[in-house]
Every structure is written in C-alpha cells, then in structure tokens.
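Inspection log for the structure reproduced underneath, given as structure tokens.
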Amino acid sequence: MSLISYEGFALLTLCMLALDLYQTRNGQVTIKKATIWSLFWVGLALIFNVVIYFYWPMMAPDSSYTNGEAATAFLTGYLLEKSLSVDNLFVFALIFSQFAVPEAIRPRVLMLGVVGALVLRAIMIGVGAELLTQFHWILYVFAAFLLYTGYKLWREDEEEDQDFSTSLPVRLVKRCFRVSDSYQGHRFLVKDSQGWMATPLFIVIAVIAMTDVMFALDSIPAIFAVTKEPFLVLTANVFALLGLRSLYFVLEGMLSRFCYLRPALAFILSFIGVKMLLMETPYAIPTLVSLGVIVVTITVAIVASLRKTRRIEAPESN
C-alpha cells in the first residue's frame, strides 16, 4: 500500500473535519442546513468511489483488486458502515435526552464523538488487519462475534432503552470528581472554592467515548468481511462517520419512526457473519451480492417503518 495514499487521505480527513466543524460553528443547525450537508457528505463519498475506480492502481500498487473490485468493495463497506452508524444516532439521542444536553452544545458533543470514533476505528483497523495477516483463524472469531451481535441486537429491539445514568463512565467520573449541577457552556471542568469539579458535559463525553468503543467492536469486524484492504476499510469508515452529525439533525425528530431499522441491522450483521464464515469456501458470497443485500434490507426496513408509523399516527390525528 502506498504511503502517499494514507498521508493524502489523512490530510483530506483533517480538512473535512475542519469544514464540518466550521458549518456548525454557531451551534445552530436547521433541518434544511443539515439535509444539504448530509447530501454533500454522501455525494463526496460517491465522488471518492469514482476516484478509486479510476486511480486504484496508484493508490494501492500492490493490491490484487481490479479497479472495479476496489470500487465495489468501498461502496459496499461505506453503505454497511453508514447503516450501522444510524444505530449510533439512536444512542446519541438517548444520551442527549437522559443527560438533558442543551441543544446549543450538541453539535460540539457530536463532533467530539465522531473524532473519538475515527481515532478508535483507525487503531482497530490497524490491529485487525495485522491480526488477520498473522492469524487467519481470527476471521472465524470475527464471524462468531458478528453472529452473536446480530442475535443480541435482534433481542434488544423489544427491550427497554438502556439507562446510561449508572454506566461505568458515569461512576468513574463521579468517583474522581465532584460534579456541578448545571452545564457550563463547552467547559468540561470548572473551579470553585473547594477546587476543580466536572460538569455534566464531562460525563456525557465519557459516555459517548464508551459507546464509540462498543460500536467500533461491531463495525470493524463487519467491514473486514467485505474487504481486507486496510485502505478501503479506513476510508469507508471515515466517510460513513463524517456525515453522522448532519444526519443526526436531519433524523432527530424521526428516529422513533424507524421501528424496523434495528431488526434490519441485526439481519445485516448476521448475513455479514455468514459471509465471513464462507469466505474461504466454494460458497463464498460475492461482494456485489452483499451490496445488493444491504441496499434492499435497509430500503425495505425504512419503507416498512414509515408505512407502519403513518398508519399508527393517522387515527390519532383524526
């Protein structure tokens, strides 16, 4: 893999993060603005996919992938990570509600969450790629983990929402610091006559960091079932996460309507787990088939969810 491709993409990522931070600098994000930026990030990912198709040999001169295979793997990985990242939005909304995070500081919290997720996933991609190179049997461990995660996500769909107020990060922060009663803007720590104490924002960031770890453990094994090319795995994750903040503000008031989304994600994770188990057999599932399964599953889940909630809301409005 060419080092230039990693260095160039790292610079591009920093520029995109700066742009994302700039467009929410005043803390106010309207649905119209968020929609425009969501479409921008999706369009940027598709443009990058075209670049991969035409310039893949320059990006990865030692890769065994053809241009078409690399572009298909990136697009499949991107859609897979984008689908899984929507589940992050449910958790973010729940955290914001439970900790009464003011709307003005939510864009900054989401940015920190995205940056944390990018760092964690970059580390896990490097570790995962090395493990797969040195220990081939890790592939089957990843597959088993995905199948278990899919089963767990399916079962959790009917359970009550998780209570983060007693989670490990909250207990650790409260053990190390006194906690103020109210938010102090974007400040994590404040000082009074008795010394330093944490603000509720410090606790929220700690909880977000914990969820970043949880979601990385799901998503990284999943995308390795699509491609083992570290550069494609990394870029698909980056583009999927970059539009997450804008997508949150687009879907913030609609998340409760996607009642079939988590069962759909459970099915996708299980399917990817099976794909990983079959990778070294004559029954290996082509990446193009995986792409079709992901697109059809998410589309059906969204359409069915909106139709169901529309039927439920119709009698209530009469």
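Set side by side, the residues 110, 14, 46 differ, and just one is part of a helix (DSSP H, G or I), modelled with pLDDT of 90 or more and under 19 Å from the mean Cα position of the chain (by Cα), which is 46. In this structure, residue 215 does satisfy being among the aromatic types (Phe, Trp, Tyr) and closer than 30 Å to residue 151 by Cα.
The set of residues in region 98-145 being buried (at least 16 other Cβ atoms within 10 Å of the Cβ) and over 25 Å from residue 247 (Cα atoms) consists of 128, 129, 131, 132, 138, 139, 142, 143, 145. Of the residues in region 198-206, at least one is within 21 Å of residue 104 (Cα to Cα), in a helix (DSSP H, G or I) and among the small types (Gly, Ala, Ser).
With respect to the conditions (1) under 30 Å from residue 60 (Cα atoms); (2) part of a helix (DSSP H, G or I); (3) modelled with pLDDT under 85, residue 312 falls short on a single one, namely (1).
Is it the case that region 219-235 has a residue that's modelled with pLDDT under 85, surrounded by 15 or more Cβ atoms within 10 Å (Cβ to Cβ) and closer than 25 Å to residue 98 by Cβ? Yes: region 219-235 contains one or more residues that are modelled with pLDDT under 85, surrounded by 15 or more Cβ atoms within 10 Å (Cβ to Cβ) and closer than 25 Å to residue 98 by Cβ.
Residues are listed down the side, and each one gets a yes or a no for (1) closer than 26 Å to residue 98 by Cα; (2) assigned to a helix (DSSP H, G or I); (3) under 22 Å from the mean Cα position of the chain (by Cα):
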{"residue": "123", "(1), (2), (3)": "no, yes, yes"}
{"residue": "126", "(1), (2), (3)": "no, yes, yes"}
{"residue": "133", "(1), (2), (3)": "no, yes, no"}
{"residue": "136", "(1), (2), (3)": "no, no, no"}
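Count of region 140-155 residues, restricted to those that are at pLDDT below 80 and more than 18 Å from residue 216 (Cβ to Cβ), is 2. For region 189-204, the criterion of being touching a residue at least 24 places away in the same chain (Cβ under 8 Å), closer than 28 Å to residue 125 by Cβ and in contact with a helix residue (DSSP H, G or I) (Cβ under 9 Å, 6 or more places away or on another chain) is satisfied by at least one residue. When the residues of region 74-100 are filtered to those that are touching a residue at least 60 places away in the same chain (Cβ under 8 Å) and of a type in the set (Ser, Thr, Tyr), which remaining residue is nearest to residue 111 (Cα to Cα)? Of everything passing the filter in region 74-100, 85 is nearest to residue 111 (Cα to Cα).
Among the residues of region 50-66, those that are within 21 Å of residue 237 (Cβ to Cβ) and assigned to a helix (DSSP H, G or I) comprise 50, 51, 52, 53, 55, 56, 59.
If you check 24, 30, 35 for being surrounded by 18 or more Cβ atoms within 10 Å (Cβ to Cβ), at pLDDT below 90 and within 30 Å of residue 102 (Cβ to Cβ), only one passes: 24. Set side by side, the residues 163, 192, 212 differ, and just one is loosely packed, with under 13 Cβ neighbours inside 10 Å and closer than 23 Å to residue 94 by Cβ, which is 163.
The values are calculated or read from the model by the stated rules, or taken from the named source; none is laboratory data. Keep in mind the model is a prediction, meaning the values are calculated, not measured. Note: ideal-geometry Cβ built from the backbone for every residue, glycine included; neighbour counts use all protein chains shown.
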